Amino acid sequence: MQAHNMWLDVFLQLGAIGVALIALTMLAFVWRSWFFAVDRPRWDLVATRPYSPITLVPTLTGAILLVQGLAESAPLLGWGWLFLVMLAFKIKQAPLVGRGASEQRLVGEQGEWERAPR
């Protein structure tokens, strides 16, 4: 039997618990990617950096997966999960604050101990 809906496919294969887990996973990804898109990039201690349009890619990918999931079950296959997992882990990574030369200078001016170079 072929389900032409991602949610119906999950329900037929995994039941209501599977639908709840998939919905929770998608909701968490869209929630995290939205705040990744609307927050200013913090690659260093400069708080006036402009917004970057590339930060919308995870949010748009999540929207595409959700909309396409209403029409077919392709987001459950390889590429959908690949994008979901790849982007979810990428946007979870913390930026490297305090690693550059200007940030090391500020650490020294604030009287804190400097870390040994890695």
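Brief remarks on what is shown
- Per-residue ³J(HN,Hα) for region 72-82, Karplus 6.51 cos²θ - 1.76 cosθ + 1.60, θ = phi - 60°, Hz, x for Gly and Pro: 7, 9, 4, x, 7, 7, x, 5, x, 5, 4
- For Leu12, solvent-accessible area (1.4 Å; no DNA, RNA or ligand), Å²: 90
- Around Thr61: net Lys/Arg minus Asp/Glu count, Cβ-Cβ under 14 Å: +2
The values are calculated or read from the model by the stated rules, or taken from the named source; none is laboratory data. For clarity, every value in this text was computed on a predicted model and none was experimentally measured. So basically every Cβ, Gly included, is an ideal-geometry build from the backbone, and we count neighbours across all protein chains shown. Heads up: the accessible areas ignore ligands, DNA and RNA and are worked out on the full protein's heavy atoms, side chains in. Shrake-Rupley method; radii C 1.70, N 1.55, O 1.52, S 1.80 Å.
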